[in-house]
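The values are calculated or read from the model by the stated rules, or taken from the named source; none is laboratory data. Small disclaimer: the values here were computed from a predicted structure and weren't measured. Note that each Cβ is placed from the backbone with ideal geometry, even for glycine, and that neighbours are counted across all protein chains shown. Just the protein is used for accessible areas: all its heavy atoms, side chains included, with ligands, DNA and RNA removed. Shrake-Rupley method; radii C 1.70, N 1.55, O 1.52, S 1.80 Å.
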Amino acid sequence: MRALNRVARAMLPRPWIPAARQLAVRAGLVRDQPLRYPFWETLHHYPSPRPHYRWGTLCAAFLARQLGYPRISVIEFGVAGGDGLLALEAVAAEAAAAAGIAIHVYGFDSGTGLTKPQDYRDLPQLWAEGDYKMDVARLKSRLKTAQLVLGPVAQTVPQFLAGGPAPIGFVVFDLDLYSSTMDAFGIFRAADEALLPRVTCYFDDIIGYSHSDFNGERLAIADFNRANEMRKISQIYGLRHALRLDQWWTDMMYMFHAFQHPRYQDFDGTNPWREIPLSG
Ligand SMILES: C[S@@+](CC[C@H](N)C(=O)[O-])C[C@H]1O[C@@H](n2cnc3c(N)ncnc32)[C@H](O)[C@@H]1O
């Protein structure tokens, strides 16, 4: 199988590799990848254009399967043109098939671009009102299953939660602004039924020139954590070592913890080392 992988990677353009893999699985040439945390084989053997979206969705699907949830939601906050939402839709189909669960995909966006930066916390040196407008009709014509939730997140998040979504398992935060991210964190005020006990998160705007602990998404995370005693957002430390991947996104994956969620303490199967026998 490794030899076939090497040949495929040498001969095919990267975006074709997942489809070629599916054909090879169907033809019986290779075995399908088991859904095994931390999905090292999947990421290494079958690279994809948005590995961070894929890894987050696989984590959510794995946790749902382990805990017996039949369906979950995954969300992109900040859609712009829609490449990210299309990628999320594709990886959700892959993860849903692998885990044997249903995954509902949502993209939240104003549709009209960034809201007006309020103060220094929104990094107005980088962004202005109206940046990253969406061509709504064009994107809708390309989406297969994902749903667009249009409007300011301050309004759409409470409406979405009132509709009783499937438990949320993975969230991409890419709204750029501190103020918008704080509004989007309304998603983590949801009732326990609307959340997996741990939600994998990706924060797009936390590294690079002029991002800091005191503005943008990092400040929003700190303020959320200060305001909430038993619900916290924390970085997943050491991911690049666990995945043996020297890629930037491994520093940008976080986890939301709902410590008082009724399923928080259930064993989740992500620790494969249950014995440490004496060596020699
Ligand atoms: C950088 S873009 C998203 C890019 C996209 N995730 C991608 O990977 O292609 C940021 C988006 O956040 C949206 N946005 C920012 N603040 C918002 C708010 N308060 N409510 C709704 N959408 C917002 C803007 O409309 C913009 O399209």
| note | When segment 67-98 is checked residue by residue, the ones that are of a type in the set (A, V, I, L, M, F, W, C) and away from the ligand (no atom under 16 Å from the Cβ) are Leu67, Ile72, Ala93, Ala95, Ala96, Ala97, Ala98
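From Asp205, Asp183, grab the single residue that is in contact with a helix residue (DSSP H, G or I) (Cβ under 9 Å, 6 or more places away or on another chain) and not in a helix (DSSP H, G or I).
Going through Asp205, Asp183 in turn, just one is in contact with a helix residue (DSSP H, G or I) (Cβ under 9 Å, 6 or more places away or on another chain) and not in a helix (DSSP H, G or I): Asp205.
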| query | If you scan segment 201-237, which residues turn out to be of a type in the set (Val, Ile, Thr) and either open to solvent by 60 Å² or more (accessible area, probe 1.4 Å) or away from the ligand (no atom under 16 Å from the Cβ) (or both)? | reply | Ile207, Ile221, Ile233, Ile236
| said: Quick check on this structure: which one of Trp248, Trp273 is open to solvent by 40 Å² or more (accessible area, probe 1.4 Å) and within 16 Å of the ligand (Cβ to nearest atom)? | reply: Trp248
| said: Between a residue in segment 203-217 that is more than 22 Å from Met255 (Cβ to Cβ) and any residue that is in a loop (DSSP other than H, G, I, E, B), which pairs come within a Cβ distance under 7 Å, given they are 6 or more apart or on different chains? | reply: Ser210/Leu123; Ser210/Gln125; Ser210/Leu126; Asn215/Leu123
| So which pairs qualify, if the first residue must be in segment 102-114 and at pLDDT 95 or above, the second must be open to solvent by 10 Å² or more (accessible area, probe 1.4 Å) and of a type in the set (Phe, Trp, Tyr), the Cβ gap must be under 9 Å, and the two must be at least 6 apart or on different chains? | Tyr106/Phe160; Phe108/Phe160; Asp109/Tyr132; Gly113/Tyr132; Leu114/Trp127; Leu114/Tyr132
| message | Can you pull out every residue in segment 208-243 that is within 22 Å of Pro262 (Cα to Cα), outside any strand (DSSP E or B) and not hydrophobic (A, V, I, L, M, F, W, C)? | response | Asn225, Asn228, Glu229
| said: I'm checking my understanding of the structure. Among residues of segment 137-160 that are hydrophobic (A, V, I, L, M, F, W, C), open to solvent by less than 40 Å² (accessible area, probe 1.4 Å) and outside any loop (DSSP other than H, G, I, E, B), which one is nearest to the ligand (Cβ to nearest atom)? | reply: Val153
